[in-house]
Amino acid sequence: MANLLIKNIGLLATPTGSNPRRGKEQGEITMLKDAYVLVKDGLIAAVGEGAIPAGLSDGAEVVDAGGRLVTPGLVDAHTHLIFGGWRQNELGMKLHGVSYLEILAQGGGILSTVRSTRAASEEELTDKAAKVLDDMLRMGVTTCEAKSGYGLTPEDEYKQLRVIHRLNETHKVEVVPTFMGAHAVPEEFKENREGYLRLLCEEMIPTVAREKLAEFCDVFCETGVFTAEESRRILEAAKAHGLVPKIHADEIDPIGGSQLAGEIGAISAEHLIVCPEAGIESLAKGGVIACLLPGTSFYLGATFAPARAMLDAGVAVAVSTDFNPGSCPSANLQLAMNIACLKYRLTPEEVLTAVTLNGAGAIHRADRLGSIEVGKQGDLLVWDAPDLDYICYRLGANLVDTVIKQGEIVRF
């Protein structure tokens, strides 16, 4: 693996440390002017500003940043990347006032995607997801999480997870697997919820853990989906088998998911659009990362998560896309960054931490990803921008000029 030197960096902006940044610390980032970074064997070997030490560039490929901004590669810590079909037919229903939960109750929504995903082969799912990953990489995402949850049978869930592993081996983007068999109760179990809960806890979770198909287990704790007590049962089973808990909480109704996240020690709680004060307190007490999804609020015409209240309470906030075929068919993390500034009222510094170090923390990778520091993995972006304010200001534009993954320039 060749060495790489990025020189003539106008502004290097990065959070620091190997743990998520919480509360006011989330906005405290390092900024170096006239900077350089050396990557050796995929890892960052030197970071500095001013004159480059003699000999540092010997034998290295050189990237001239041209006085532009450099940041860590972006981490999208919440996606539903693997699915069959699309759901454009639901757009008209939404425009006529049919709610997300009403569409689900009519057999649409997640259940519609389940039917398409079951009908798709592993090869078809892989090819489709790879194209999305190509787009994500062009927009600066160097690592992303991907959930199952559109199979809802043992084999179809394992199929999705195998696709995630295949993509992680073949694609430049690092893809991290989460098991989410508890995304909905499948139609064939509509009159037998207990049977599906047993299938999840007694067969699917043990198999996923034993075969190392996923690192995390997520559950959709929501009205009409899984109750807080059902979610606790599923996540306790996951913990017993070595899977790390995550939870979709307080997206539409606050039924106790955010409180459960803190109590059970979830690594992250996702959505949190209507998170109550008691939920924020539980997240802070439990050290749970709030993984917020502003694109989903925008697409659903919903309110926006109380991000500022979370930061004030000492909660670490991550920002992700929630890319999926129904409630947020966008894989543009830069757009999510824009919306996070405008609607969450986060500063550009807080947003940068949210999509780098805190995103890495939400998938247990803050020790090697998410910041530009010696010893961390050489995932970096050169932006066609002079500073952080510019990339948060330019709504919806892809401002990434050069993507570097593990010290290698990505060629598109």
*Quick one: in segment 165-195, which of the residues that are charged (D, E, K, R) and either in contact (Cβ under 8 Å) with a residue 40 or more places away in the chain or not in a helix (DSSP H, G or I) (or both) is nearest to Asp134 (Cα to Cα)?*
Lys172
_Take the residues in segment 38-60 that are closer than 21 Å to Val403 by Cβ, out of contact with any Gly (no Cβ under 8 Å at 6 or more places or on another chain) and at pLDDT 95 or above; name whichever of them is surrounded by the fewest Cβ atoms within 10 Å (Cβ to Cβ)._
Ala46
_Just to be sure I understand, how many residues within segment 134-154 are in contact with a helix residue (DSSP H, G or I) (Cβ under 9 Å, 6 or more places away or on another chain), under 17 Å from His78 (Cα atoms) and either charged (D, E, K, R) or not in a strand (DSSP E or B) (or both)?_
8
*asked:* Take Glu157 and tell me if it is buried (at least 24 other Cβ atoms within 10 Å of the Cβ), assigned to a helix (DSSP H, G or I) and either among the hydrophobic types (A, V, I, L, M, F, W, C) or more than 17 Å from the chain's Cα centre (by Cα) (or both).
replied: yes
*Applying the selection to segment 354-373, what residues are assigned to a loop (DSSP other than H, G, I, E, B) and among the polar types (S, T, N, Q)?*
Thr356, Ser371
_Going through Arg138, Arg68 one at a time, which residue ends up being within 30 Å of Gly149 (Cβ to Cβ) and either modelled with pLDDT of 95 or more or of a type in the set (Ser, Thr, Tyr) (or both)?_
Arg138
_Return the pair list, or none, for Cβ contacts closer than 7 Å from residues in segment 196-217 that are on the phi > 0 side of the Ramachandran plot to residues that are assigned to a loop (DSSP other than H, G, I, E, B), at least 6 apart or on different chains._
none
*Does Leu260 satisfy being over 26 Å from Thr303 (Cα atoms) and of a type in the set (A, V, I, L, M)?*
no
*Which one is surrounded by the most Cβ atoms within 10 Å (Cβ to Cβ) among residues in segment 105-120 that are more than 18 Å from Asp322 (Cα to Cα) and among the aliphatic types (A, V, I, L, M)?*
Ala120
*Among the candidates Ala214, Ala266, single out the residue that is under 22 Å from Arg22 (Cβ atoms), in a loop (DSSP other than H, G, I, E, B) and not hydroxyl-bearing (Ser, Thr, Tyr).*
Ala266
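Each row is one residue, and each column tells you yes or no for (1) closer than 30 Å to Leu167 by Cβ; (2) outside the structural domain of Cys328 (by TED's automatic domain parsing); (3) touching a helix residue (DSSP H, G or I) at 6+ places or on another chain (Cβ under 6 Å); (4) basic (Lys, Arg).
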residue: Glu215; (1), (2), (3), (4): yes, no, no, no
residue: Glu222; (1), (2), (3), (4): yes, no, no, no
residue: Thr227; (1), (2), (3), (4): no, no, no, no
residue: Pro245; (1), (2), (3), (4): yes, no, yes, no
residue: Glu251; (1), (2), (3), (4): yes, no, no, no
residue: Gln259; (1), (2), (3), (4): no, no, yes, no
residue: Leu283; (1), (2), (3), (4): no, no, yes, no
*How many residues, within segment 306-337, are buried (at least 21 other Cβ atoms within 10 Å of the Cβ) and either at positive phi or not in a loop (DSSP other than H, G, I, E, B) (or both)?*
12
*Cβ pairs under 7 Å, 6+ apart, first in segment 126-153 and more than 30 Å from Tyr196 (Cβ to Cβ), second surrounded by fewer than 24 Cβ atoms within 10 Å (Cβ to Cβ) and at pLDDT below 95*: Arg138/Phe412
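The values are calculated or read from the model by the stated rules, or taken from the named source; none is laboratory data. Not measured: the values here are computed from a predicted model. Cβ sites come from the backbone with ideal geometry, for glycine too, and all protein chains shown count toward neighbours.
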